Amino acid sequence: MLLRRWIATGVAAVATLGALNTLPATAGHQPNPADQSLRTLGMRHDLFIGTAVDMAALNDPADPQYRQLTASQFSTVTAENVMKWESLEPTRGVYNWGPADELIAFAKQNNQRVRGHVLVWHNQLPGWLTSGVADGSISTAELRDILKNHITNVVKHFKGKIWQWDVVNEAVSDPWDTPSTLHYKGFWAQHLGPDYVADAFRWARAADPKALLFYNDYNIEAFGSGDPANDKTQFVYDMAKQLLAAGVPIDGVGSQGHLGTQYGNFDTLQVAAALKKFADLGLATAFTEVDVRSQITEAMENGDSNEINPRLQASAANYSVLLQACLADRHCLSFTVWGFTDKYSWVPNWFGSEGLANIYDENYQPKRAYNLMKGDLIYSGAPYVLPRIPQRPRR
Ligand code: GLA
């Protein structure tokens with residue numbers, strides 16, 4: 001039986017080769033890979049290409065192109081905001097599932113997977129929670145119960161519909177924080193201590209045993225000094241290793257990939273080496289929020305191409321570095337951009353004089369970054385690029 005199947009496959013292969021031999025005659029009928037979508041090209045490598053989705057833009061009847069590109073170019077979606085705590089539970093005990101459910105329905109309709117973002121983060125928390133803790137009306141013991149309930153309710157609500165959950169987001173400080181020695185930072189660590197990280201993963205696993213559970217953070221694209229006191233990637237690596245050793249159900253580490261062209265950033269070899277180290281722990285990886293912004297000068301605002309072009313090229317090169325590194329590691333499951341058009345980017349709002357961070361411009365024209373990503377997906381192949389190894393949830 002096996003042999004027959006092998007022979008049959010062999011015949012098919014010969015037939016295919018035969019077809020390939022007639023390439024000159026049929027070349028005109030071959031689809032041009034450059035005309036294929038990112039999601040189609042990603043599937044050559046079993047790599048899911050994703051975007052964060054702004055629900056207001058998705059539902060704007062005046063902007064059908066946003067919806068059309070979200071559906072056609074991407075095979076996984078992430079809620080930019082509507083799964084954050086302040087959106088899901090703006091009033092204590094009253095959940096607003098509507099917009100998040102809409103995204104899930106959209107994904108189903110378009111045969112897309114969903115990255116759940118985010119269960120535990122110190123930002124975009126509802127006022128009732130932060131003020132309750134600040135004025136003492138919510139005690140530490142109650143806060144822990146509130147967190148457990150939130151994780152349980154949210155994960156159960158979306159059970160079976162989420163591929164990867166960002167369980168804990170940005171738990172680790174940066175070298176510019178005080179104290180500068182890296183530590184667990186923010187609301188949850190301050191009030192519950194660092195053990196909340198392990199608890200969160202356990203509670204999430206109990207609520208949906210099939211979703212992959214990720215830790216997600218920025219500035220962890222590559223290793224630095226190797227000293228966890230100042231190397232954030234090392235700190236996160238050590239944390240993941242300890243969690244695994246303690247039997248905590250963590251399945252992956254997400255690297256956000258918010259880069260800026262004014263920084264040195266990393267090359268493909270450095271990023272690929274980091275992904276491999278995480279994979280060697282038995283973890284999946286993913287790029288979860290990629291965008292590459294630039295400082296906008298007055299000359300750029302006046303259309304000076306001498307200043308615009310180098311930034312567009314640098315931005316594209318950084319997208320490419322992260323994508324190539326992801327392609328190179330078979331445990332890197334998805335590559336998600338944080339919005340695809342400059343029209344709705346969070347960058348100008350957040351950083352003021354920075355922008356041009358996305359792969360399409362404000363008028364939905366694909367930028368150099370989009371084409372470079374396509375080139376990587378088209379021209380990368382074996383032996384250094386092989387299909388992904390699907391990750392199973394850790395028990
Ligand atoms: C972080 C969060 C995202 C998003 C970005 C900025 O990276 O994980 O949800 O808020 O900041 O928009």
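For the structure I just gave you, tell me whether F235 is within 22 Å of G50 (Cα to Cα), among the hydrophobic types (A, V, I, L, M, F, W, C) and either over 18 Å from the mean Cα position of the chain (by Cα) or within 16 Å of the ligand (Cβ to nearest atom) (or both).
no
Would you mention how many residues in region 38-59 are among the β-branched types (V, I, T), within 16 Å of the ligand (Cβ to nearest atom) and either out of contact with any Asp or Glu (no Cβ under 7 Å at 6 or more places or on another chain) or open to solvent by 10 Å² or more (accessible area, probe 1.4 Å) (or both)?
1
How many of the residues in region 240-265 are open to solvent by 40 Å² or more (accessible area, probe 1.4 Å) and within 13 Å of the ligand (Cβ to nearest atom)?
Summing the residues that are open to solvent by 40 Å² or more (accessible area, probe 1.4 Å) and within 13 Å of the ligand (Cβ to nearest atom) in region 240-265 gives 0.
What single numbered condition from (1) closer than 18 Å to V154 by Cβ; (2) open to solvent by 60 Å² or more (accessible area, probe 1.4 Å); (3) within 16 Å of the ligand (Cβ to nearest atom) fails to hold for V120?
Against the list (1) closer than 18 Å to V154 by Cβ; (2) open to solvent by 60 Å² or more (accessible area, probe 1.4 Å); (3) within 16 Å of the ligand (Cβ to nearest atom), V120 comes up short only on (2).
Quick check, is D227 open to solvent by 30 Å² or more (accessible area, probe 1.4 Å), in a helix (DSSP H, G or I) and of a type outside the set (K, R)?
No, not satisfied.
In this structure, does R92 turn out to be open to solvent by 20 Å² or more (accessible area, probe 1.4 Å) and within 26 Å of S37 (Cα to Cα)?
no
How many residues are surrounded by fewer than 21 Cβ atoms within 10 Å (Cβ to Cβ) and touching a helix residue (DSSP H, G or I) at 6+ places or on another chain (Cβ under 7 Å) when one looks only at region 204-216?
Number of matching residues: 1.
Residues that are in contact with a Ser or Thr (Cβ under 9 Å, 6 or more places away or on another chain): which helices (runs of 4 or more DSSP H) entirely in region 93-169 hold 2 or more of them?
The helices (runs of 4 or more DSSP H) meeting that bar are 98-109, 127-134.
Considering each of D238, D195, D231 in turn, give the residue that is out of contact with any helix residue (DSSP H, G or I) (no Cβ under 7 Å at 6 or more places or on another chain) and either of a type in the set (K, R) or closer than 20 Å to D145 by Cβ (or both).
Exactly one of D238, D195, D231 is out of contact with any helix residue (DSSP H, G or I) (no Cβ under 7 Å at 6 or more places or on another chain) and either of a type in the set (K, R) or closer than 20 Å to D145 by Cβ (or both), namely D195.
Which of the residues that make up region 211-224 are within 13 Å of V168 (Cα to Cα), within 16 Å of the ligand (Cβ to nearest atom) and either touching a Gly at 6+ places or on another chain (Cβ under 6 Å) or not in a strand (DSSP E or B) (or both)?
F214, N216, Y218 - these are the residues of region 211-224 that are within 13 Å of V168 (Cα to Cα), within 16 Å of the ligand (Cβ to nearest atom) and either touching a Gly at 6+ places or on another chain (Cβ under 6 Å) or not in a strand (DSSP E or B) (or both).
Please state which one of V172, V167 is more than 18 Å from V114 (Cα to Cα), within 16 Å of the ligand (Cβ to nearest atom) and aliphatic (A, V, I, L, M).
Residue meeting the stated conditions: V172.
Taking region 124-138 on its own, how many of its residues are within 16 Å of the ligand (Cβ to nearest atom) and open to solvent by less than 10 Å² (accessible area, probe 1.4 Å)?
Count: 1.
Quick one: is V321 within 15 Å of the ligand (Cβ to nearest atom) and either open to solvent by less than 10 Å² (accessible area, probe 1.4 Å) or within 21 Å of the chain's Cα centre (by Cα) (or both)?
Spelling it out, it is not the case that V321 is within 15 Å of the ligand (Cβ to nearest atom) and either open to solvent by less than 10 Å² (accessible area, probe 1.4 Å) or within 21 Å of the chain's Cα centre (by Cα) (or both).
Say we look at region 60-76 and pick out the residues that are hydroxyl-bearing (S, T, Y) and over 23 Å from W97 (Cβ atoms); which of these is farthest from the ligand (Cβ to nearest atom)?
Of everything passing the filter in region 60-76, S72 is farthest from the ligand (Cβ to nearest atom).
List the number of the failed condition for A79; all other conditions in (1) within 26 Å of Q36 (Cα to Cα); (2) more than 16 Å from the ligand (Cβ to nearest atom); (3) of a type in the set (G, A, S) hold.
(2)
Checking the condition in contact with a strand residue (DSSP E or B) (Cβ under 6 Å, 6 or more places away or on another chain) and either modelled with pLDDT under 95 or among the acidic types (D, E) (or both), which residue from E170, E102, E142, E89 passes?
Of the residues listed, the single one that is in contact with a strand residue (DSSP E or B) (Cβ under 6 Å, 6 or more places away or on another chain) and either modelled with pLDDT under 95 or among the acidic types (D, E) (or both) is E170.
Quick one: which of A274, A279 is open to solvent by less than 20 Å² (accessible area, probe 1.4 Å) and under 17 Å from L212 (Cα atoms)?
Residue meeting the stated conditions: A279.
Being closer than 26 Å to D166 by Cα, at pLDDT 95 or above and crowded, with 21+ Cβ neighbours inside 10 Å is the requirement here; does S334 meet it?
Judged against the criteria, S334 is a match.
The values are calculated or read from the model by the stated rules, or taken from the named source; none is laboratory data. Keep in mind that what you see is a predicted model, and the values were worked out from it rather than measured. As a convention, Cβ positions derive from the backbone with ideal geometry for all residues, glycine included, and neighbour counts pool all protein chains shown. Accessible surface areas use protein heavy atoms only, side chains included; no ligands, DNA or RNA. Shrake-Rupley method; radii C 1.70, N 1.55, O 1.52, S 1.80 Å.
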